[in-house]
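Following: one structure in structure tokens, then a few remarks.
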Amino acid sequence: MTVGYERSIVGDILHRLEAGPRLVQVVTGPRQVGKTTAARQIEKRWSGPVEYASADISPPPGPEWIRSHWVQARRRGHALLVLDEVQKVAGWAEEVKSQWDEDRRAGVELDVLVLGSSVLLLAKGTAESLAGRFFLHRCSHWTLRECREAFGWDLDTWLFFGGYPGAVPLVGEESAWKSYVADSLVEVVLARDVMSMESIQKPALMRNLFILSSRFPARVLSYNKILGQLQDAGNTTTLAHYLEILAKAFLVSGLGRFSRGQARSRGSSPKLVLWNNALVNALGSSTFEQARSDHSWWGRLVENAVGAHLVSGLRSLPYEVTYWRKQDEEVDYVVQTSSTLWAIEVKSGRERGASGLASFLRVYPDARPLIVGSGGMDLEEFLAHEPRSLLT
């Protein structure tokens, strides 16, 4: 591993802090992808004083914790205030808004960087209290390019182990790696982030729905089939709601079926895309070598990685990522904006049903086709680019 590897988000945040306008810089993203590390690297490069504080203490602090550190930062001149794990402070957004507005009235030049491991709580706070006062930075899972530069990984290693830097030292001990990802990442997100944000009536169902999703990456499953796989499954409305929550927690998205000009049905069969292949393989029984020799399963990992690249890179307006299916024909991913329509087919080498790309283009002749893999854009080349730069 490259010591002190710096992700591009560090430069992005510094640029925004220096270029203005002065806004609360908010960093969201999955757990264990380096948000705190990025903040510490920003601290080292900041030209003025820095007041850093983490709310990751027991018991969780109250709003006065924010007020105290804010006052200290004000006294240090043109400083940068970094508040880490801020979602653990009850009423954090209201307190940040109060202090921020006070600074604006008084003409205080204080820059503020807010980080949190619970994107759900951060999203609620920014939407309800900080509207118009913040700039959002998305700290995503590590890409293939980053893992290659930082850890020397090749494509196959990344496709199996995903992009959690804290788990990298355990890759040589696959059983330990699986336990770390399952216990220290997945379970923490489900038990803390999700449950603290939403009123989950059936927590066991939420957990089992995620586990089921990890068994069917890049697969379209009807809600009836999901109901048949789970005990105490409730109804399709509950499952659809829980999939939406899991997507907000950067775990799994249930992509809807594309149908132009019609409202997307919440009851349509979802295509399950895990946001990181580590979330698939850590909960499975296959080793790296076993997975690599199973062409069908490896093809699923490739297709899921492409889907994760799309949902992670296009998770804000104006993009919508779906899939298309008609009888036995399917287009793996459909990306739509107000002006463009892309039909993406992943050629992963696995045996599969008839391609639906030609049929889709007959129905939607204005769509732009993109083949990723054999006969099209090289998989590594596709993964090396931000989706926004490709789908324009």
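Data overview
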quantity	calculated
Distance between modelled label sites at Asp154 and Lys44, nm, 7 Å Cα→Cβ extension	3.1
Between helix 295-313 and the chain: long-axis angle, C-alpha atoms, 0 to 90°, nearest 10	40
Calculated FRET value between Glu380 and Ser293, using beta carbons and R₀ = 35 Å, to 0.05	0.95
Those lysines that a straight Cα-Cα span of less than 29 Å connects to Lys88, excepting residues fewer than 8 apart in one chain	Lys35, Lys44, Lys97, Lys124, Lys178, Lys202, Lys248
The chain, relative contact order [Cα under 8 Å, separation at least 6], %	13
Sequence-distant residues sharing a close amide H with Phe135 (under 5 Å, placed H)	Val24, Gln25, Val26
The chain, helix-only ellipticity at 222 nm - DSSP H runs n ≥ 4, -39,500 (n - 2.57), divided by all residues, nearest 500	-12000 deg cm²/dmol
Percentage, to the nearest whole number, of Cα pairs in the stretch 305-349 over 16 Å apart	39
Charge context of Arg22, other residues only, Cβ under 11 angstrom, K/R +1, D/E -1	-1
With eigenvalues of the C-alpha gyration tensor scaled by 5 and rooted, the chain, Å	37, 22, 22
Gyration tensor (alpha-carbon) shape descriptor, the stretch 140-290, a/c threshold 1.5	prolate
Of all accessible heavy-atom area on the stretch 172-243, the percent that carbon and sulfur account for (1.4 Å)	45
From phi via Karplus (6.51, -1.76, 1.60), per-residue ³J(HN,Hα) for the stretch 67-77 in Hz, x at Gly/Pro	4, 5, 5, 5, 4, 4, 5, 4, 5, 9, x
Those residues of the stretch 200-223 whose amide nitrogen sits under 20 Å from the label point placed on Ser285, 7 Å along Cα→Cβ	208-217
Cα-centred dipole magnitude for the stretch 85-216, charges only on beta-carbon of K, R (+1) and D, E (-1), debye, nearest 20	440
Karplus-derived 3J(HN,Hα), 6.51/-1.76/1.60, for each residue of the stretch 84-101, Hz, glycine and proline x	9, 6, 5, 5, 6, 8, 4, x, 4, 5, 5, 5, 4, 4, 4, 5, 4, 5
Column: log10 I(q)/I(0), Debye, Cα scatterers of the stretch 44-115, q = 0.27 Å⁻¹	-1.31
The stretch 45-160, accessible area per residue, ligands and nucleic acids excluded (1.4 Å, Å²)	42
For the chain, built as a Gaussian network whose Cα springs stay under 10 Å, the top-fluctuating residue of Ser54, Ser374, Ser253	Ser374
Separation of the Ser338 and Glu187 label points, Cα + 7 Å toward Cβ, nm	4.7
Spherically averaged projected area of the stretch 253-392 from its Cα convex hull (nm²)	8.8
For the chain, size of Cβ-based charge dipole, Lys and Arg +1, Asp and Glu -1, in debye	820
Of Val82, Val188, Val114, the one that fluctuates the most in a GNM where the chain has Cα springs shorter than 10 Å	Val188
Derived scalar couplings ³J(HN,Hα) [the stretch 319-325; Karplus, 6.51 cos²θ - 1.76 cosθ + 1.60; whole Hz; x for Gly, Pro]	8, 9, 10, 9, 9, 9, 8
Per DSSP, loop chymotrypsin sites (Phe, Trp or Tyr not before Pro) in the stretch 299-392 with at most 15 further Cβ within 10 Å	none
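The values are calculated or read from the model by the stated rules, or taken from the named source; none is laboratory data. What you see is a predicted model; the values in this text were computed from it and never measured. In this analysis, Cβ positions are derived from the backbone assuming ideal geometry, glycine residues included, and neighbour counts consider all displayed protein chains. All accessible areas refer to the heavy atoms of the entire protein, side chains included, with ligands and DNA or RNA removed. Shrake-Rupley method; radii C 1.70, N 1.55, O 1.52, S 1.80 Å.
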